[in-house]
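Undergrad: The structure follows.
The values are calculated or read from the model by the stated rules, or taken from the named source; none is laboratory data. Just so you know, these numbers come straight off a predicted model, no measurement behind them. Here the Cβ is made from the backbone with ideal geometry for all residues, glycine too, and neighbour counts use every protein chain on show.
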Amino acid sequence: MKHLLILATLAFSSTTFASTSGTLLLQGIVAKKLSITVSPETASAALDLTTSQTNLKVASVNEKSNSKSGYSVTISSSNHGNLKRADGPEVFAYTMKYGGSAVNLAAAGSSFSHTEAISVNVDKDLAISYTGATAESMVEGTYTDTLTLNISAI
C-alpha cells in the first residue's frame, strides 16, 4: 500500500509541473541550383558560308536557377565573333543573338543578368547572322569558333 501511495504521488506531481504550451520548429532547406545546358542544332556543325543567314538558330539553351540573389549568363567566343580557318589566319565574321538580345562577342563577351529572386527553368534560342561570301573569295578549309556559356549566381 505504501508503494501504491508513492506511485500515485509521483504521477500526480509530474503532471502538476507540465507546461500549458509548447513550440515546435519545422525547418526545411532548399539547396542552390544553377545549371545551363546547350543543345546544338544540326545547322551549327554544317554552316553554309556562301549563303547569307539571318537569325539562324544554332542551339537551344536551357537555364535553371533558384538563386535568391538572381543569376547571370555569360557568353564568350574563342575568336571574338569570328569563324577562324583551322589551319590559317583567315576569319569569317558573324553576329549573335541570345533569347532575341544581341550578344557582343568582340571583347570579353556579354552577360545577361536576372536580379530577381525567382526559380526559373527557361529555354532560349542562340542564333547567328552573317553575310555569305563566294567560295572563290575565301581560302578553302574548315572555319570554326568555340562559344562558352556560363551561369553563375549574382
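Undergrad: Select, from Thr50, Thr42, the only residue that is within 18 Å of Asp145 (Cβ to Cβ), at pLDDT 95 or above and under 25 Å from the mean Cα position of the chain (by Cα). Don't jump to the end; show me each part of the working.
TA: Working: Thr50 fails: under 25 Å from the mean Cα position of the chain (by Cα).
Going through Thr50, Thr42 in turn, the sole match is Thr42.
Undergrad: Give just the number: which of (1) modelled with pLDDT of 95 or more; (2) under 17 Å from the mean Cα position of the chain (by Cα); (3) not basic (Lys, Arg) does Ile118 not satisfy?
TA: Going through (1) modelled with pLDDT of 95 or more; (2) under 17 Å from the mean Cα position of the chain (by Cα); (3) not basic (Lys, Arg) one by one, Ile118 breaks only (1).
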